[in-house]
Amino acid sequence: MRTAKKLMLTPVLALTAFGLAAGPAAAATAGSSDSEQGWTYQADLNEVNDSGASGDIMITLKGDQAMITEHVEGLAEDFQDGPYPHVQHIHVKANGSAECPTASADEDGDGIVNTPEGGAAYGEVSATLTDSGDTSADAAVDVEHAGIKGGSATYERTIDLDADTKEAIKDGRATVVVHGLDPAKQSQEVQDAKSPLDDSLPQAATAPALCGTLADSQMGQPPKGGPDTGGGSTAGTDDTVMLAAGGGVLVAAGAAFAISRKRKSSAETR
């Protein structure tokens, strides 16, 4: 009897210890996979200044890099006998949540919200989404390398972002703004005005047409929430450990029971 009990306890303890040791390792592997996938943020791009446009954007942060996928449609199509060059940026607010401007931001009463007037809602240019070359704020009015050309387009590019921009995206202080209105649809005052960003360009060329505040997406994200809600990274780890340990106990107990029955049968036939 003492030998049978010993046989039962040994595999149970061994496999239980194995399950407890393997659980955290499995969880660590899952955490590493989430880290490799990056953190994903997205925004619906909604019209500003009655542009009639729409779009969406997704940004995945991996280290210092941002992988960007964007689709827009309904923007102004032509500019000076060519596809309209829509400059676009990640704007960042120093404090508070980033927002998109409403018509009430039109301080000078000319009928549109220009880029400086919208700055109170979405902040300053932090990165420029160009099709090639410079992506810093210095390229803010680089129409030659505008990320969107024409009325509808898909934009895909991987760029480097500085620490301040990444932190702003994670904190909800960043928006994506696509600029460029159709001058023909604006008042004469707007048509005659120069851009406050670059007086070689018309006012409409740099006025915001689309805007969206970046928010974290559930795609490719590590689980969130505290243990008391049943979510979060610790909840997943605990479940893995318990399942591994419990599974080891059940398998070991079954094996020990079979051994015990076999030894008992052998004893009875003697």
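Computed from the coordinates by the stated procedures, all read-outs in this text should not be read as laboratory data. Not measured: the values here are computed from a predicted model. Heads up, the Cβs are rebuilt from the backbone with ideal geometry, glycines too, and the neighbour counts pull from every protein chain shown.
Rg over Rh of the range 49-156, using C-alpha atoms and the Kirkwood radius, what does it come to?
Rg divided by Rh gives 0.96.
Close amide-amide hydrogen proximity is noted between Leu201 and Ser195, each under 5 Å apart and 5 or more residues distant or on a separate chain (H modeled in the peptide plane; Pro and chain starts excluded). If the segment from Asp81 to Ala215 were pulled out straight at 0.36 nm per residue, it would be longer than the present Cα-Cα gap by 44.5 nm.
For the pair Gln191 and Ser132, label points projected 7 Å from Cα toward Cβ lie 3.5 nm apart. Applying Stokes-Einstein at 37 °C and 0.692 mPa s to the Kirkwood radius of the range 85-128, computed over alpha-carbon pairs, gives a translational diffusion coefficient of 297 µm² s⁻¹. Here the simple spin-label model places points 7 Å from the Cα toward Cβ, and for His71 and Ser152 these points are separated by 1.0 nm.
Hey, quick one: spin label on Asn46, modelled 7 Å out along Cα-Cβ, who in the range 154-186 has an amide N within reach, i.e. under 18 Å? Label zone hits: 172-179.
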